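K.L.:
My structure is below; once you've seen it, I'll send some questions.
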């Protein structure tokens with residue numbers, strides 16, 4: 001099939017960007033979206049034009065590197081998949097497709113479709129880990145964890161940090177990302193010792209870069225892992241509890 | 001990785017650092033918006049129930065309008081234990097504070113959100129899948145409600161916007177004001193905006209205060225719809241009844 005691609009080109013973070021239209025000929029419906037861009041880049045290379053820069057790594061939806069706005073849909077029109085898992089059979093011959101990078105103050109464009117997601121790293125650095133001394137490796141299943149908690153924690157842990165939630169949010173909020181990264185630890189026994197300092201530190205760091213949640217729910221539908229906004233509510237609950245818990249803790 | 005400098009969406013200093021910075025954080029502000037929202041929703045119910053006394057006509061014992069007696073009861077809340085009107089004054093101060101906190105938080109959050117969003121805009125039309133008309137127009141519907149409240153207070157509490165205003169004669173004041181078609185239309189339009197505001201607000205507040213449960217989440221939408229419908233139908237009935245001459 002033949003497609004008309006309207007793609008954002010920007011040479012460097014400070015350079016002014018703009019759209020450029022490319023004709024993609026004989027695209028296989030079996031190709032993934034990124035393979036279609038690969039083919040276009042091959043052609044641009046042979047024609048002596050700078051290829052289109054886009055982030056990608058595992059190409060099986062688990063690394064979180066890829067992600068572009070496709071016709072106004074983060075990760076394209078398919079629900080619950082990353083850009084790399086989107087196939088060209090979802091489009092029809094003659095379609096024109098607009099491909100844009102994520103847009104937010106905290107996600108500046110580095111080049112073409114690649115954005116800088118360092119702000120996400122800053123949030124993780126603030127507390128998205130467990131640093132208590134756990135001693136030698138315990139025997140398997142020695143810590144009893146309720147099945148519901150384990151399941152919910154796994155749901156939150158499926159976040160791949162692609163930033164589609166920020167891209168989809170009319171407020172450029174990263175609440176779904178932060179909530180997932182807070183909740184997958186706070187639901188498990190191992191996450192308890194640092195639970196109340198973690199939520200405050202991560203939320204404060206998140207707010208240095210991102211907007212606030214107005215409960216549209218767009219992030220949930222954009223998320224390639226379908227992470228629920230219930231985790232945002234859980235974070236809101238933990239955040240106010242932490243104010244009291246930390247007050248008592250500091251007094252001890 | 002490039003080290004691109006970013007504008008901070010908000011900083012914590014001075015009074016913003018109080019109480020561990022909770023009330024300057026976006027989540028804290030959303031808590032404030034949700035809690036004041038609950039207060040304002042409860043007030044709406046009380047206000048509507050009181051106003052529906054306009055349909056009760058005249059009290060057979062005293063010969064006064066039921067709604068005039070209701071307003072007298074509001075002024076004499078607390079009986080002889082407190083100075084006359086003092087409980088009502090406390091209610092008014094509390095209500096004003098809730099409004100100021102609700103609007104102040106909204107303004108602060110809006111400014112942060114605009115800063116976080118920056119100048120970049122998507123070229124393709126965004127396909128909103130979850131956000132609805134009500135959730136995306138909260139600022140607009142909220143502004144309409146605020147302008148309405150200011151007019152409403154000037155009209156029926158202070159009497160500036162009502163040439164036939166007589167202090168204490170609630171029934172006559174309402175009839176005099178709402179017999180003007182343009183005023184009745186404004187009241188009804190503002191209440192439609194209010195219903196949209198509640199449609200999102202009464203759903204969203206549970207999210208902001210972290211009261212969610214996958215098992216009962218679907219009930220929150222029903223709650224918001226029925227709350228908005230109850231307030232809308234109740235509030236519309238009064239200007240309609242007066243405009244059509246059913247109550248005079």
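Read-outs throughout are calculated quantities, based only on the coordinates presented, and are distinct from any laboratory measurement. Keep in mind that what you see is a predicted model, and the values were worked out from it rather than measured. Counting neighbours? That spans all protein chains shown, and the Cβs are built from the backbone with ideal geometry, glycine included.
K.L.:
With a ≥ b ≥ c taken as the square roots of the eigenvalues of the C-alpha gyration tensor of the range A:132-252, please select rounded if a/c is under 1.5 and otherwise prolate if a/b is larger than b/c or oblate if it is not?
P.N.:
oblate
K.L.:
What nm distance separates the two modelled labels at residue B:147 and residue B:166, each placed 7 Å from Cα along Cα→Cβ?
P.N.:
Distance between label points: 3.3 nm.
K.L.:
Cα axis of helix B:138-152 to longest principal axis of chain B: angle in degrees, 0 to 90, nearest 10?
P.N.:
Long axis of B:138-152 versus the principal axis of chain B: about 30 degrees.
K.L.:
Just want to confirm a number: the relative contact order over chain A, from Cα pairs under 8 angstrom separated by 6+ residues, in percent.
P.N.:
19
K.L.:
Rounded to the nearest Å, what's the spacing between the alpha carbon centres of the range A:157-196 and the range B:157-201? Just the number, please.
P.N.:
Spelled out, the Cα-based centre of one part sits 46 Å from the other.
K.L.:
If you take each beta carbon of peptide A:163-171 and count the beta carbons of other chains within 10 angstrom, what is the mean?
P.N.:
3
K.L.:
Still on this structure: With a point put 7 Å past each Cα toward its Cβ, work out how far residue A:12 is from residue A:158 in nm, to one decimal.
P.N.:
Each label point is offset 7 Å from its Cα along the Cβ direction, giving 4.2 nm.
K.L.:
To the nearest 10 degrees, how steep is helix B:86-117 against the longest Cα principal axis of chain B, on a 0 to 90 scale?
P.N.:
Here the helix axis deviates by roughly 30 degrees.
K.L.:
Extending each Cα 7 Å along its Cβ direction at residue A:4 and residue A:57, get the distance between those two points in nm, one decimal.
P.N.:
Modelled inter-label distance: 3.7 nm.
K.L.:
Suppose a student asked you for the relative contact order of chain B, using Cα pairs under 8 Å spaced at least 6 residues apart; what percent would you report?
P.N.:
22
K.L.:
Exposure proxy check: A:250, B:103, A:160 ranked by fewest other beta carbons within 10 Å?
P.N.:
Lowest count first: A:250, B:103, A:160.
K.L.:
Right, next: Pairing the Cα long axis of helix A:33-46 with the longest principal axis of chain A, what angle in degrees results, from 0 to 90 and rounded to the nearest 10?
P.N.:
Helix A:33-46 sits at roughly 50 degrees to that axis.
K.L.:
What order do you get for A:143, A:182 when you list them from fewest to most C-beta neighbours inside 10 Å?
P.N.:
Arranged by neighbour count, lowest to highest, A:143, A:182 become A:143, A:182.
K.L.:
Ok, one more. I need A:50, A:35 ordered by Cβ neighbour count within 10 Å, fewest first.
P.N.:
Starting with the residue having the fewest Cβ neighbours, the order is A:50, A:35.
K.L.:
If you don't mind, another one. Helix-derived [θ] at 222 nm for chain B: sum -39500 (n - 2.57) over DSSP H runs of at least 4, divide by residue count, nearest 500?
P.N.:
Mean residue ellipticity, 222 nm, calculated: -21000 deg cm²/dmol.
K.L.:
The range A:1-58 to the range B:64-120: how many Å between their Cα centroids?
P.N.:
56
K.L.:
Moving on to the next point. Expressed in nm², what is the orientationally averaged projection area of the convex hull enclosing the Cα positions of the range A:3-110?
P.N.:
Reported value for the Cα convex hull: 7.0 nm².
K.L.:
Sort out for me the Cα centre separation of the range B:204-248 from the range A:94-117, rounded to whole Å.
P.N.:
Between the Cα centre of the range B:204-248 and that of the range A:94-117, the gap is 40 Å.
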